[in-house]
Structures are given as C-alpha cells and as structure tokens.
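> One structure follows; several queries about it will come next.
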Amino acid sequence: MKQSRRNFLKFAGISAAGLCLTPAAGALASGKAHPIVNKAHLKAKRWAMVIDTRKLNTKEQIEKLADACHHWHNVPKIPTNQDIKWLWDASYSESFPEQENNHMAEELEERRFPLLCNHCEHPPCVRVCPTKATFQRADHIVAMDYHRCIGCRYCMAACPFGARSFNFMDPRLHLDMDNLNMKFPTRMRGVVEKCNFCVEKLAEGELPVCVTKSEGAIVFGDLTDPNSPVREVLRKDFTIRRKPELGTEPGVYYII
Ligand code: SF4
Ligand code: SF4
C-alpha cells in the first residue's frame, strides 16, 4: 500500500472514531486549512484586466497571444465556422458597436481589438445555467466545470459578448496529440468553453498566459486594491468597456 494512502486511512480511522487529533489534523478536519493549496497562488477580491490598445492592435500581435492561450489550454483549431475561440480579434465597430460614430479616426478604424470573456460582475451566463456548470468564483472569475455541462447552450445565448464556443465535434480530433499541454485537461464533444482568466496559472502564482506574452500591453490585478497595477493604469488613462449599457459590469477594460 502506498504511504499516502496508508496515512489517509490512518487519519480517516482516527477521525471516524472521534479520537483525539493533533492540532494540525484538527485544523484540517475543521476546514481551517487545506492540504492542496499552493502557498504561492495569487489572490484577489476581484480580478480584472486592462488592455492597452495603443500598444496591442494588429491581427498578428493578437494571433500570437491567442496561439499561446489556445496551446496552453488545448483549444483545438477547427478550420470551419465551428472553430473554438478563447481569445480573438475584432474591429472597433464589432467590439464597441454602441460607441461608434460616423467620422472616426482612420487609425482607430484600422485597429484590431483583442476580445475574450469579460468575467462580468453580473454574468447572465451564470444566471441561466441549469446545472451550475458555469459559476462565479469568490474572486469573480466566471469558471466552467466541464463535467457538469450538459451542452444546452443557454449560456451561449445569454452572453451578449459571443465569448463562448460549443464543441460541436470531438475537439481531440483537432488537437496535435503529440504536443498537448499535460497540465490542462482536454474537453469532449458537447460542452461549452471559454477563457478562464488562467485560474490554473494564478493557482501556481503566475499571471495569465496572454498577460505574460503581451510585453506590458495587458495589465492584470485586483480591482478592489487601490495599489494594484490595474488601478494604477485606470487612474492614468481613459478606458472603455464593452456594452456597458447592459449592466453586466465587464472585468476587461480597454485603453483607447
Ligand atoms: S463575457 Fe459572456 S461568458 Fe463571460 S462572464 Fe460575461 S456573460 Fe459570461
Ligand atoms: S486570460 Fe488566460 S484563458 Fe483568458 S484569454 Fe488570456 S491566456 Fe487565454
């Protein structure tokens, strides 16, 4: 029997018998400690992102970030309109349709804008999910539990930002199986997926993949902390968010 399993059974036996526990074991049993939490993991009350579109605005630049994100999360490349996207690019009018006017600066009309799930403060996708497969964490990241997703796609209909993709076909058939990231699960046919603000990276004490790759054009941090990097840039520069009139309160800001 493996040592860890033997230790667990010993611990379980002691607990079940209601016998005296050591202070450490007592803390575990009472829920005051958790054995698998990485001490380095990054925490926030409300994670948010600020994208400087003066520095990051070409198709090539955004594709580089999308490739890195998609490779890390084993997102398949499907050469049809059923492609899966976590991070993609769009024009100003597609990104901010209600904030467009007739005579915009040409330079702005030519820019491409990186889009992703906004990790909204009031996410309609979470409200409509019948199985709670999509849920909001305490740090306001909107996450997915693929095992609970029944593929009803209510979340896709509810998201006003087109941030979710449905696996119409088996994504594993469109992945380079020799080049998988073994640290992130692959998905199956019939589930919905989207950007997760790289929760698995935060848990390891690292920033999201696109933030690291952006060479300073994307800033990430705690919106509730006045000293965080996001608050610092928000204080300095004019920013807009997507579809603010809907009241979802996106957690992604754009410096224009
Ligand atoms: S952008 Fe869409 S998928 Fe993301 S949290 Fe908001 S409503 Fe949900
Ligand atoms: S935060 Fe992570 S999952 Fe979301 S787009 Fe960036 S790299 Fe991809």
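> Please figure out what share of the DSSP beta bridges in the chain is antiparallel and state it in percent, rounded to the nearest 5.
80
> Tell me, what is a quarter of the convex hull surface for the C-alpha atoms of region 50-100, in nm² with one decimal?
4.6
> Quick one: pull the percent of accessible area on the chain belonging to carbon and sulfur, 1.4 Å probe, ligands and nucleic acids left out.
Of all accessible area on the chain, carbon and sulfur atoms account for 55 percent.
> Tell me the angle of helix 59-72 to the major Cα principal axis of the chain, expressed in degrees between 0 and 90 and rounded to the nearest ten.
Approximately 10 degrees, to the nearest 10.
> How long is region 196-236 along each principal axis, judged by its Cα atoms, biggest number first, in Å?
If we take the Cα atoms of region 196-236, the spans are 28, 21, 15 Å.
> Could you order 197, 238 by accessible surface area, starting with the largest, using a probe radius of 1.4 Å? Provide the component values of the computation, followed by the final result.
On the way: 197 5, 238 145 Å².
Largest accessible area first, the residues go 238, 197.
> Next question. Given region 139-228, what whole percent of its Cα pairs are spread farther than 15 Å?
70
> I'd like to compare 98-104, 115-121, 175-181, 70-76: which one has the highest average count of other Cβ atoms within 10 Å, and what's the full order after that?
Highest mean packing first, the order is 115-121, 70-76, 175-181, 98-104.
> Using a Gaussian network model of the chain whose springs link C-alpha atoms within less than 10 Å, name the residue from 54, 164, 187 with the highest mean-square fluctuation.
Result: 54 has the largest fluctuation of those listed.
> Something else about it: Roughly how tilted is helix 3-17, in degrees to the nearest 10 and between 0 and 90, from the longest Cα axis of the chain?
Long axis of 3-17 versus the principal axis of the chain: about 70 degrees.
> Another question, if that's okay. Among 57, 38, 167, whose mean-square fluctuation peaks in a Gaussian network model of the chain (Cα, cutoff 10 Å)?
Per the Cα network of the chain with a 10 Å cutoff, 38 tops the list.
> Using the heavy atoms of the protein chains alone and a 1.4 angstrom probe, what is the accessible area of the chain per residue in square angstrom? Walk me through the numbers on the way to the answer.
On the way: 14390 Å² over 256 residues.
The answer is 56 Å² per residue.
> Further, regarding this structure: Kindly rank 224-232, 88-96 from highest to lowest mean number of other beta carbons found within 10 Å of each residue.
Sorting 224-232, 88-96 by mean packing, highest first, produces 88-96, 224-232.
> Can you compute the helix-only [θ] at 222 nm over the chain? Use -39500 (n - 2.57) per DSSP H run of at least 4 residues, normalise by all residues, nearest 500 deg cm²/dmol.
Theoretical 222 nm ellipticity from helices: -7000 deg cm²/dmol.
> Between the alpha-carbon centers of region 151-216 and region 71-90, tell me the distance in whole angstrom.
9
> Here is a follow-up. Please report the relative contact order for the chain, taking Cα pairs under 8 Å with a sequence separation of at least 6, and give it as a percent rounded to a whole number.
28
> Moving on to the next point. Please compute the alpha carbon radius of gyration of the chain, then divide it by the globular-protein estimate 2.2 N^0.38 Å. Two decimals is fine.
1.17
> Right, another one. Mind telling me which of 218, 141, 150 comes out most flexible in a GNM of the chain, alpha-carbon contacts under 10 Å?
Result for the chain, Cα springs under 10 Å: 150 fluctuates most.
> If we restrict to alpha carbons, what Rg and Dmax does region 132-180 come to, in Å?
Using the Cα atoms of region 132-180, the pair Rg, Dmax is 13.2, 36 Å.
> I've got another one for you. Ordering 212, 134 by accessible area with a probe of 1.4 Å, largest first, what comes out?
212, 134
> Counting only other residues whose beta carbon sits under 10 Å from that of residue 221, what net charge do I get with K and R as +1, D and E as -1?
-1
The values are calculated or read from the model by the stated rules, or taken from the named source; none is laboratory data. Model, not experiment: these values are computed from the prediction. As a convention, Cβ positions derive from the backbone with ideal geometry for all residues, glycine included, and neighbour counts pool all protein chains shown. Side chains included, ligands, DNA and RNA excluded: accessible areas come from the protein's heavy atoms. Shrake-Rupley method; radii C 1.70, N 1.55, O 1.52, S 1.80 Å.
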